[in-house]
Structures are given as structure tokens and as C-alpha cells.
Amino acid sequence: MSQLIALLLCVFAALASAEARVRRYKWDVKYEFKSPDCYRKLAITINGKTPGPTVLAQQGDTVVVEVTNGLATENLAIHWHGIRQIGSPWSDGTEGVTQCPILPGETFTYRFVVDRPGTYLYHAHYGMQREAGLYGSIRVSLPDGVAEPFAYDYDRSIILNDWYHKSTHEQAVGLSSIPFGWVGEPQSLLIQGKGKFDCSKLAPPSSDPTACNATNPECSPYVLTVVPSKTYRLRISSVIALSALSFQIEGHNMTIVESDGHYVEPIVAQNLFIYSGETYSVLIKIDQEPSRNYWITTNIVGRNATATTPPGLAVLNYYPNHPKRVPPTYPPSGPIWNDIAVRLAQGKAIKARQGYVHTPPPKSDRVIVFLNTQNTIDGYYRWSVNNVSFRHPHTPYLIALKENLRHVFDQRPPPDQLYDFANYDIYQKVNNTNATSSDSIYRIKFNSTVDIILQNANTMIENNSETHPWHLHGHDFWVLGYGTGKFDVNNDPKKYNLANPIMKNTVAVHPYGWTALRFVADNPGVWAFHCHIESHFYMGMGVVFEEGVEKVGKLPLEIMGCGETKALKRP
């Protein structure tokens, strides 16, 4: 018996060792000239590439990423989007919230545990660097011997983004100026870092013959080679800077099976609607005519960009056809850009998969209503939440709260609710002349349950309301419901899905509509909650939650060095 016990202990020790591996990455981040859509411009690369390397790990692994900032004149921070950072809030990678930025020439080490399988992202979280190319995929698999609730033969990651020819510096200057300079629509859509810009449309024509080269192999279409009769899991992620997207594969249905790290009831779709910061897994069967290749396309929805931004194109290559063989058909056209109903229907249709349902608490302890508005403050265009436009502090909140530096940000609580439900007209342009900017934060009671109502309204343009994907750091939340028009505080909560709502970390609120979500404030730390559209967050569309910060362990010196934390960094 003692020998059996000893043998079992050895087996358990081996299993524990296998489940607790450390995945190490060493990244050099630099500016390099790249031509992802044939137009040559400076892009931010990781080890010479954009998108950066895919982070591969198994559930329970510790990921260690040593990042060296080689940007010369810019600070840096990298956010691990969808990783909850339980026990490591200082590795969330949110400049001004959880850490001081990585200074030029310095090296910073992120260390965190990937506690759940699924599809996630990483991207820059300093200024607007994300849209300069600093992003990539995270793929967390189940432990060995544990099966997914669906079968497939191969696993692939595809990341979608839009691409601008202006630098992020030029864009930021325009957004921060009087008169206001909008970033405009993107020049291209990229699939796995590859797109195609029509070089003849350069205006004015460039005198530099290398500025745009349609024959550059860097901008040849992305090719996904597949084997007939096999089933592929495609992990689709969006780091789009501005637009909502549709994604489709010519002649093939997609079965949606996972979103933001959670299994969903399988849904068959021809178009996958995806918003910035969202991730989905879809299954496709390679069962079409094998003698040809097929188009993979992505199109902008939610914005009328048809005249300015062409669809993104890639090729589904049926082996053994040549990967450069062009499909014999025209690429399928995308859905109508302003058809909100089909996008709303997809959101409502996605439910947690049977056997994997985590039911939310039956009621909340606190309800916060966030009215999304566009404002001018001292002549500057800003986005605001409840008429408060977010302003980053010089001293990160996590350090300020842990070290009791209360004077470094506004201690007055921001409003849980702004508008009069009965009288505020979400369909009219409203002056909102009382808007202010602030670095105040929401203090949430630890382990309490919080409902967030995201309410969309008219912008400063007549008859215009926009799609906003909202991302919560440090948590997953239950999506309780969507609606059109103005949220009815008395009746709409009665319609919440409390039986099998999907859990996510990013969710869209649609034009002139509302979205309700619920989360439990059970992760000690300070967490950003913001619109994932790059220019909108830059213009103030976000808030910060604090919960149980007194339970956070000793902060590493590595996250300090800015604002009033300079003295704290000294050993």
C-alpha cells in the first residue's frame, strides 16, 4: 500500500509539474518600415514583425514576457486583453492605471498566469500605439488529456485590423487640436497583417517610387492553406482601431463555438460580426469543390466607409491547389453597413453552452448607468461618460491607492447616473455644456455585484449615433441584454437573461441603443473600463474601477518611476 501511495504521489507531482509550466518570451519592440498594404510606413514591430508572435500556453501556465522598449523617443505598455491578472494586477499593462510606462531603452518583465483556456489578444496600451502595429494573438489550450466540447482537426489564429497611412502622432495631434482634426476612415483592412491599397489613389502622387509598391510580397494576400474533408478551428480576433467588421468565407458556413474565452451554444453563420477587442472561435468544414481556392473577406459595418476603405481580402487555399491561384469568382460583398438589426440579432442569439453555464447572481448591489456622449470642453472635442471625460493621471492609480497617495487624483466620486430617464432625448444633438474632464474613479465594494447599463445617444452630428465596443479589464461579465432606444429602468431589467447569458470581456452598444452587463467585483486591483475604439478612448471615453486594493500584495518596484512614484522605485 505504501508503495502504491508513493507511486500516486509521484504521478500527481508529475501532473502538477506538467500543468505549471513557464512559457518565456523575449521581445524587442522597435519602429521599422513595413508595407502591410503595399504603402511603406513606420510600424511598431515585435522582433521585426507585425502582427507580433502568437503567445501559446496551456491553462494554468505562467507566461513571462521580457519586453525591451526600442522605440527611442516613446514610452510603452502592453495589455494582455482577456487575461484577468488574478494576483498580478500590476501586469495588466495599462499605463496610468496599473503601471508606469516602459521608458525608451528600458526592459520590463510581465509575469502572469493564464487561468482559463480560450482566445485572447495583446496590444499596446499607451497613447494610440495599438494601431501602429503593436498587437498579436494569445491562444490558451486545455491541459493535456482534457477535451473541448467540439471536435476539429487543426487550430489557426487570424487577427483583423484596420490600417492608416498617417502616423499615430499625426492623428493624436489632430484629435487634440483646435480646430479638431478627425482621423478619418482607414486606408485598408488587414487580415493577419496583410492587405492591398490601390497605389494609384495616392493623393497627391508621391515623388518617392518606393512609397507604394503593389508588387511588394509583403502585401500579398494572407493565404490559409487547408486540407479537404478536414475541420478547422479559426480563432478570429479584432484589434480594429475604429470600425466594426463582418467576416466571411466564400461558400462556407461558420459555426460559432467560443467567444472571449467562453464556450457558446453552436450557431451557424455566414457573416461573423466582430467588434474591436472581441475574439471568436468558429469551425469550418473544408467540404466545397476542391479544385479551386476561395475568398476570405472582411468588410466595414457601422460606418459608411464603402467609398474610402476597400474590403480586406485573403485566400482559403484548398490543398494541393497553388496558394497563389486567384479564386475564379468575385469576392462576396459584405452586409449592408447600416443594418443594425442583423448585428443586434447575432448578439442576442449567442448564449452560454449547455454544461458550461455560469449563472450570474440573481440581483445586483449597485447599478451604474453610463450615458455615452460627445462634447466640447474648452473648445476641444471629447468623448464623455455621464458628461465626464476621462483624463489619465501622472501617477498610476494602483500605486497611488496602495501607497496612500490620495492627492494625486480627484477623490470626488464620478456620477453613477447622469440623465433624467424621462426627459433626456437620445435622438437629438444635445449641448451637454456642463461636461468636464476628470481623473476621478469609481470605488466598488469588494465582492459586490455591479450592473452597468451602457446607453448610446446622438453625437454632436445631427442624426448620428455610433457603435461602441466596451472592454472591461480584470473581469469577465455577463451580458444580460441588449435593446434599442432608451433604457427603461422599470421594465427592461425584467427581460434580462439570467438563465444562460454569455460571459465576455468586450461587448458592443449599438447606435441609439443600450447594453446591460453584470460583474462581480472579486479581483483586487484597479481596472480600466473603456471604449475599445482607439480614438474614442484617447478622447476620454472610459472610466476606472477600484476594488479591494488593500488585498493586493506588495507592488513590484518595476512598475514605478513616473509621477510621484519616482522616489518609491529606489531600493
_With θ taken as phi - 60° and the coefficients 6.51, -1.76 and 1.60, list the Karplus ³J(HN,Hα) couplings across region 227-238 in order, rounded to whole Hz; mark glycine and proline as x._
9, x, 6, 8, 10, 10, 9, 9, 9, 9, 10, 10
*With a 1.4 Å probe and every protein chain kept in, tell me what percent of the accessible surface of region 122-256 is carbon plus sulfur.*
55
_For the chain, size of Cβ-based charge dipole, Lys and Arg +1, Asp and Glu -1, in debye_ = 620
*Excluding same-chain residues fewer than 8 positions from LYS194, which lysines have a Cα within less than 16 Å of its Cα?*
LYS34, LYS41, LYS49, LYS324
*asked:* Give me the percent of accessible area attributable to carbon and sulfur for region 505-556, probe 1.4 angstrom.
replied: 54
*Hey, what number do you get for the chain at 222 nm if only DSSP H runs of n ≥ 4 count, each worth -39500 (n - 2.57), divided across all residues, to the nearest 500?*
-2500 deg cm²/dmol
*chymotrypsin sites (Phe, Trp or Tyr not before Pro) within region 18-49, DSSP loop, no more than 14 other Cβ atoms inside 10 Å*: none
*Modelled label-to-label distance, ASP488 and THR225, 7 Å Cα→beta-carbon offset: nm?*
5.7
*When the label point is put 7 Å from the Cα of ASN463 along its Cα-to-beta-carbon vector, which residues of region 507-548 have a backbone N closer than 20 Å?*
511-513
*What's the FRET efficiency of ASN500 with LYS49 using the Cβ-Cβ distance as r and R₀ = 30 Å, to the nearest 0.05?*
0.15
*Using mean Cβ contacts within 10 Å as the protection proxy, how do 436-447, 473-484, 301-312, 273-284 order, highest first?*
273-284, 473-484, 301-312, 436-447
*asked:* Taking the Cα centre as origin and putting +1 on Lys and Arg beta-carbons and -1 on Asp and Glu beta-carbons, what dipole magnitude results for region 408-561, to the nearest 20 debye?
replied: 300
_Over region 338-401, with the other protein chains present, what is the accessible area per residue in square angstrom, probe 1.4 angstrom?_
44
*Selection from ASN490, TYR31, PHE545, by position along the positive dipole direction of the chain (Cβ)*: TYR31
_Students often get this wrong: which residues of region 258-283 have the backbone nitrogen under 16 Å from the point 7 angstrom along Cα-to-C-beta of GLU148?_
258-269, 279-283
_Positive-pole candidate from HIS407, ILE453, ALA435, dipole of region 404-468, charges at beta carbon_ = HIS407
*Report, ordered by chain and residue number, the lysines lying within cross-link reach of LYS285, taken as a straight Cα distance under 18 Å and ignoring same-chain residues fewer than 8 apart.*
LYS230
*Which parts of region 367-404 would a label at GLN428 reach, counting a residue when its backbone N lies under 20 Å from a point 7 Å out along Cα-to-Cβ?*
371-376, 386-387
*asked:* Straight-line reach only, C-alpha to C-alpha below 12 angstrom: list the aspartates and glutamates that LYS554 could link to, leaving out same-chain residues fewer than 8 apart.
replied: GLU403
*When the accessible area of region 396-461 is split by element with a 1.4 Å probe, what percent falls to carbon and sulfur?*
46
*What spacing in nm lies between the two simple spin-label points modelled at ASP410 and TYR356, each 7 Å away from Cα in the Cβ direction?*
4.2
_Net lengthening on full extension, ALA72/SER200 (0.36 nm per residue, minus Cα-Cα)_ = 42.7 nm
*Amide proton proximity set for LEU76, modelled H, under 5 Å, gap of 5+*: ILE102
_Simple label model, 7 Å out from Cα along Cβ direction - SER437 to GLU170, nm_ = 2.4
_FRET efficiency estimate (nearest 0.05) - Cβ-Cβ, ILE377 to LYS348, R0 51 angstrom_ = 0.90
*Residue-wise, which Karplus ³J(HN,Hα) couplings in Hz belong to region 185-195, taking 6.51 cos²θ - 1.76 cosθ + 1.60, θ = phi - 60°, and x for glycine or proline?*
7, x, 7, 8, 10, 10, 10, 6, x, 10, x
*Step through the residues of region 75-88 one at a time and calculate ³J(HN,Hα) from phi using the Karplus curve (6.51 cos²θ - 1.76 cosθ + 1.60, θ = phi - 60°), rounding each to whole Hz and writing x for Gly and Pro.*
6, 7, 8, 10, 9, 9, 6, x, 7, 6, 6, 5, x, 9
*Hand me the trypsin sites (Lys or Arg not before Pro) from region 167-271 located in a DSSP loop with no more than 10 other Cβ atoms within 10 Å, in residue order please.*
none
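Between GLU32 and ILE267, what length in nm is gained on full extension when 0.36 nm per residue of separation is reduced by their alpha carbon distance? The partial results should precede the final answer.
Numbers: separation 235, 0.36 × 235 = 84.60 nm, distance 4.10 nm.
Length difference between fully extended and current span is 80.5 nm.
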*How would you rank 326-333, 254-261, highest first, on the average number of other Cβ atoms within 10 Å across their residues?*
254-261, 326-333
_Can you report the principal axis dimensions of the chain using only the alpha carbons, biggest first, rounded to whole angstrom?_
81, 66, 54
_If you take every DSSP beta bridge fully contained in the chain, what fraction is antiparallel? Give it as a percent rounded to 5._
75
*Hey, can you list the DSSP H helices of the chain whose Cα span along the axis is 18 Å or longer and whose average Kyte-Doolittle score is at least 1.0?*
2-19
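The values are calculated or read from the model by the stated rules, or taken from the named source; none is laboratory data. Not measured: the values here are computed from a predicted model. Ideal geometry is used to build each Cβ from the backbone, glycine not excepted, and the neighbour counts take in all protein chains shown. Protein only, heavy atoms only, side chains kept; ligands, DNA and RNA dropped before computing areas. Shrake-Rupley method; radii C 1.70, N 1.55, O 1.52, S 1.80 Å.
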